[in-house]
Amino acid sequence: MTSHIRNFSIIAHIDHGKSTLADRLLEFTNTVSQREMQEQLLDNLDLERERGITIKLQTARMDYKAKDGKNYVLNLIDTPGHVDFGYEVSRSLAACEGALLIVDATQGVEAQTLANVYLALENDLEIIPVINKIDLPSSDVDRVKKEIEDIIGLDASEAVLVSAKEGIGISEVLEAIVDKVPPPKDNSNEPLRALIFDSYYDPYRGIVVSMRVIDGELKKNEQIKLMSAAPKQTFEALEIGYMRPAKQAVEEIKCGEVAYMAASIKEICSLVGDTVTTIENGSKNPLPGYKPAVPMVYCGIYPVNSADYHELKDAIEKLRLNDSSITSEPETSAALGFGFRCGFLGLLHMEVAKERLEREYNLNLIATAPSVIYKVTTIKGETIEVDNPCNLPDPVLREKVEEPWVKAELTCPKDYVGTLMDLCQERRGVFIDMKHLDERRTVLIYELPLAEILTDFFDQLKSRSRGYATLSYEQTGYKEGKLVRLDIKLSSENVDAFSCITHESKAYYIGRRLCEKLKELIPRQMFEVPVQAAIGNKIIARETIKAMRKNVLAKCYGGDISRKKKLLEKQKEGKKKMKSIGSVEVPQEAFLAVLKLGDE
Amino acid sequence: MLDHKGEKYQSYVKTLCYEIENRSSGEDIETIYFGGGTPSILPVDLIAKILKQLRKNFKVRSDVEITLETNPGTVDKLKLANLRELGVNRLSIGVQTFSESLIKKLARGHTVKEALDTIHWAQELGFENINLDLIYGLPKQSFVDWQKTIDKAFEQGINHISCYSLTIEENTPFHNIYGNSNHPDLPDEDLLFEMYEELQRYCLKKGFNQYEVSNFAKPGFESKHNLTYWRNQEFYGFGVSAHEYIQGQRKAHTRDLQNYLEASFGQETLDCNPQLEELMLKLRLKEGLNLKEYKSRFGIDLIQDKGDLLTEYIEKGLISINKDNCNLTYKGFLLSTQIISQLI
């Protein structure tokens, strides 16, 4: 029997109040008492709370007694809102029958909202429009309703009006979920098939998966297998249960339910999208998995301390279990030693992944400049893909270099159209179209090289539009460009980790800025260090880091040497965070300099 | 006449004397140093009491060096005469700077005239062993300001100079104004370098040896007491916030007076890292570190372990090695922190 179950997720543009609404639902259903309520409970990672964004999907099971007098089980699967995390969104949608679409009562429908609505529609989900932040004086419910109907094409007449912050309209949301989201199909009598939509590594339990039972049922201690990752291996469902959102172990999971399972799976492999079935009377056909995510951005990730290579390897494997959209390949750098070339869905995704690796696995890491995949045709007529600037063949050996382009939609209030067109122009954008959504808002459509979006485009977009503009983009294909490799030399030695591929027209500017930035960020050494930017053999910019001249500790007062000792130890500790390149000590931040050239 | 302060001094010195008696073991004493805060504000009779107690409980040698840190404005000529009478034979005078405007900002509570008076009285009374404490790198201090202060110091005909660059410590009024270091009023690394080098040049010209990173003296006038610290030798410490190194243990007294009076001297044992301390202290001295001794004590052969680094430093003229002795050059002194941190 599945008629009492409702599986739903929440889709919303970033900042439209998704996490706050999720919190209110948990509170209202007494899933979490007020006392336990930590602001934005579902944002579990420290990083999520600090940045105010959801990165990882989370699930929560709520019990709700509806106005019809019946008891329902509501499973909420939280989703991230940022453009980079679309893959996570599609995973959570596949486990649901319905979705709440949150639209800010002031901001209205945003480009990103659309992308996620399409994802939901592809998954045949019932979509319930929820208009949030109606308490704000600037809210305009009628306009937003009209937008939902005009732009998305959904009937907004029954949209639920909510202020998650003030707790208005929460019971109406719950009633709408019960009324409108269809219950899961009752396939209880079929052989077990459960779709894994998330997983993480627990040092005691092994791999813990989150899954949605599509067909059949699963009992505790039943023998199971993973249909694509390990079809020949047998595991035991040692612990199964619900997330409320804290784990609650149960004896049995029924058809239609959302649950976690720990089955002593130790081998680290990607499980997301896999199907769980029983050994006895199991299903023969796995469920359709997900479209594998395609990374757009690549960068090298290296341990500051080369001895941490194996820890890093282990950490990346564990992180990939939790975030299967990351790809990784071992690589070596002359400057940084052994590391990995990792692929990410976007720049934010890359930053978040690096920070998670550092925090959750206690590593000191260096990420090299992000790169897209370039297609290079050599003079012999071969085409090779280059995801690391160091591998770009010499100019004499290459016929042409092509780079990926995207079609970008920038939605903004009309006052900012001018400044955003400037931005796109600076980034080699090609204007395609301009549409007026309504009297206030305009959509700019540009074609842009992906590489140009990867540097601080998003930050610039936000700062130039005071946060109002939004961006969505999709890759359109490859185009030839006049691209060159810019190298950086410290003390006349090439530092491969600083190399980047850039458009010829920008190489001088970037070279000069990089040299200036590095001069600022690399502390004085015991000797003079020239910093040079070069294209091939041609030096295009130069700065000099002067030699350190004085570094003397002051008093050793009255035989009190403790402070001096501390200072020396601190100095030594500080060195650990530096990477020695040749004889030059380079701080971690210097490797990020390449990313942040735009803040002049 | 006893005012409130006087009572405080009395009870402090009483506990101090009790501590000396209690912890003494009758060893030989070669140097005595009154330092930290402003010991020169203590009335002469109390200083006499402390010295008497030391003489009673230790074997104080006849050629003992007794230093009193003296802040200008806290002593007059009569007091200096009495102190000399008691056996004080070395004065370390906290001049800091001879610039009237800079001394005001330092809020040291004394004037340039008071500093000069103190020096002159001491000399008239026959004190030969006088040190001047100077600070460079003060906010808005120019190179010329600094030159004037050095000039004035040497004009006085003293035999010892200690010189430190301003360090801004947290939780001080200076820190509130200037933060950590990048304040535009503070001299930058290049200017600090010039100032320090200028002092080195002056000292060389005037026949002063830079026998330690921050200390300059005419031959024979080195501070015996401070050499004890830098040679990593043991010493007793008595009284509030005093440090000591006895029987291989470093200890610090509480910094809180009340705590000192009540909690049987409030001593706390500090982390001790003899190897690091040996390296860090001895390399501050011109006489340097004996590599053979270092190897036999800690089992570490610096030449083997840090050969490349040492070669690099020798080539750059930062370190010199003669037989078993390793020492920083004058140029190396300027980068001592950097060098030492790489060698530990």
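The values are calculated or read from the model by the stated rules, or taken from the named source; none is laboratory data. Note that this is a predicted model, so its numbers are computed, not measured. We place every Cβ from the backbone using ideal geometry, glycine too, and count neighbours over all the protein chains shown. Side chains are part of the model used for accessible areas, which takes the heavy atoms of the whole protein and leaves out ligands, DNA and RNA. Shrake-Rupley method; radii C 1.70, N 1.55, O 1.52, S 1.80 Å.
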Does the stretch B:154-171 contain at least one residue that is within 11 Å of chain A (Cβ to nearest Cβ), crowded, with 18+ Cβ neighbours inside 10 Å and modelled with pLDDT of 90 or more?
-> yes
Which of the residues spanning the stretch B:240-253 are more than 8 Å from chain A (Cβ to nearest Cβ), open to solvent by 20 Å² or more (accessible area, probe 1.4 Å) and not small (G, A, S)?
-> B:V240, B:I246, B:Q247, B:Q249, B:K251
Failed condition for B:I20, given (1) more than 28 Å from B:E128 (Cα to Cα); (2) open to solvent by 20 Å² or more (accessible area, probe 1.4 Å); (3) of a type in the set (A, V, I, L, M) = (2)
Reported set for the stretch B:213-229 where residues are of a type outside the set (V, I, T), open to solvent by 10 Å² or more (accessible area, probe 1.4 Å) and on the phi < 0 side of the Ramachandran plot is B:K218, B:P219, B:F221, B:E222, B:K224, B:H225, B:N226, B:L227, B:Y229
Scan the stretch A:464-491 for residues that are open to solvent by 80 Å² or more (accessible area, probe 1.4 Å) and over 20 Å from A:H349 (Cβ atoms) and jot them down.
-> A:R466, A:Y468, A:E480, A:K482
Would you check if B:K292 is free of Cβ contacts under 8 Å to residues at least 60 places away in the same chain, surrounded by fewer than 17 Cβ atoms within 10 Å (Cβ to Cβ), over 24 Å from the mean Cα position of the chain (by Cα) and within 24 Å of B:Q233 (Cα to Cα)?
-> yes
Hey, can you tell me all the residues within the stretch B:150-177 that are more than 17 Å from the chain's Cα centre (by Cα), closer than 22 Å to A:N551 by Cα and not in a loop (DSSP other than H, G, I, E, B)?
-> B:I150, B:F174, B:H175
Residues of the stretch A:528-539 satisfying the condition of being open to solvent by 20 Å² or more (accessible area, probe 1.4 Å) and touching a strand residue (DSSP E or B) at 6+ places or on another chain (Cβ under 9 Å) | A:E528, A:P530, A:Q532, A:I535, A:G536, A:I539
For the stretch B:178-188, state whether one or more residues are touching a residue at least 40 places away in the same chain (Cβ under 8 Å), among the acidic types (D, E) and within 14 Å of chain A (Cβ to nearest Cβ).
-> no
Every residue from the stretch A:325-370 that is among the β-branched types (V, I, T) and open to solvent by less than 40 Å² (accessible area, probe 1.4 Å) | A:I326, A:V352, A:I366, A:T368
How many residues are of a type in the set (K, R) and touching a strand residue (DSSP E or B) at 6+ places or on another chain (Cβ under 9 Å) when one looks only at the stretch A:332-360?
-> 2
Output the residues belonging to the stretch B:310-344 that are aromatic (F, W, Y) and either over 28 Å from the mean Cα position of the chain (by Cα) or farther than 16 Å from B:S214 by Cβ (or both).
-> B:Y313
Cβ-Cβ under 8 Å pairs, at least 6 apart or on other chains, the stretch A:340-356 side within 20 Å of A:F457 (Cβ to Cβ), far side of a type in the set (F, W, Y) and part of a strand (DSSP E or B) | A:G343/A:Y298; A:F344/A:Y298; A:M350/A:F344; A:A353/A:F344
Would you mind telling me which numbered condition in (1) under 21 Å from A:Y473 (Cα atoms); (2) in a helix (DSSP H, G or I) A:G343 fails?
-> (2)
So which residues in the stretch B:69-121 are surrounded by fewer than 19 Cβ atoms within 10 Å (Cβ to Cβ) and under 14 Å from B:P39 (Cβ atoms), if there are any at all?
-> B:T74, B:K79, B:L86
Determine the pairs where a residue that is facing another protein chain (nearest Cβ under 10 Å), located within the stretch B:318-341, has a partner that is among the hydrophobic types (A, V, I, L, M, F, W, C) and open to solvent by 50 Å² or more (accessible area, probe 1.4 Å) with Cβ atoms under 9 Å apart, the partner being 6 or more residues away or on another chain.
-> B:T337/A:L567; B:S341/A:L567
Might you check whether a residue that is open to solvent by 20 Å² or more (accessible area, probe 1.4 Å), in contact with a His (Cβ under 9 Å, 6 or more places away or on another chain) and farther than 24 Å from A:S325 by Cβ occurs anywhere in the stretch A:176-196?
-> yes
Filter result for the condition that a residue is under 31 Å from the mean Cα position of the chain (by Cα) and at pLDDT 90 or above, over A:G167, A:G241 | A:G241
Pairs, please: C-beta under 8 Å, at least 6 apart or cross-chain, first residue within 11 Å of chain A (Cβ to nearest Cβ) and open to solvent by less than 60 Å² (accessible area, probe 1.4 Å) and in the stretch B:260-281, second at pLDDT below 85 and not in a helix (DSSP H, G or I)?
-> B:L276/B:I344; B:E277/A:I561; B:L279/B:I344; B:M280/A:I561; B:M280/B:I344; B:L281/A:C556; B:L281/A:I561
So the helices (runs of 4 or more DSSP H) completely within the stretch B:181-286 holding 2 or more residues that are touching a strand residue (DSSP E or B) at 6+ places or on another chain (Cβ under 7 Å) are B:189-205, B:224-230, B:274-282
Assess whether A:L312 counts as being of a type outside the set (G, A, S), out of contact with any His (no Cβ under 7 Å at 6 or more places or on another chain) and open to solvent by less than 10 Å² (accessible area, probe 1.4 Å).
-> yes
Test: A:V173 is in contact with a helix residue (DSSP H, G or I) (Cβ under 9 Å, 6 or more places away or on another chain), over 30 Å from A:D135 (Cβ atoms) and outside any strand (DSSP E or B) = no
When (1) assigned to a strand (DSSP E or B); (2) free of Cβ contacts under 8 Å to residues at least 12 places away in the same chain are applied to A:K489, the one that fails is (2)
Take the stretch A:568-584 and flag every residue that is facing another protein chain (nearest Cβ under 10 Å), under 17 Å from A:M548 (Cα atoms) and open to solvent by 20 Å² or more (accessible area, probe 1.4 Å).
-> A:Q571, A:K572, A:G574, A:K575, A:S583
For the subset of the stretch A:540-567 comprising residues that are touching a helix residue (DSSP H, G or I) at 6+ places or on another chain (Cβ under 9 Å), touching a residue at least 12 places away in the same chain (Cβ under 8 Å) and surrounded by fewer than 20 Cβ atoms within 10 Å (Cβ to Cβ), which member is farthest from the other protein chains (Cβ to nearest Cβ)?
-> A:I540
Failed item, numbered, when A:E149 is tested on (1) open to solvent by 50 Å² or more (accessible area, probe 1.4 Å); (2) part of a helix (DSSP H, G or I); (3) touching a residue at least 60 places away in the same chain (Cβ under 8 Å) | (3)
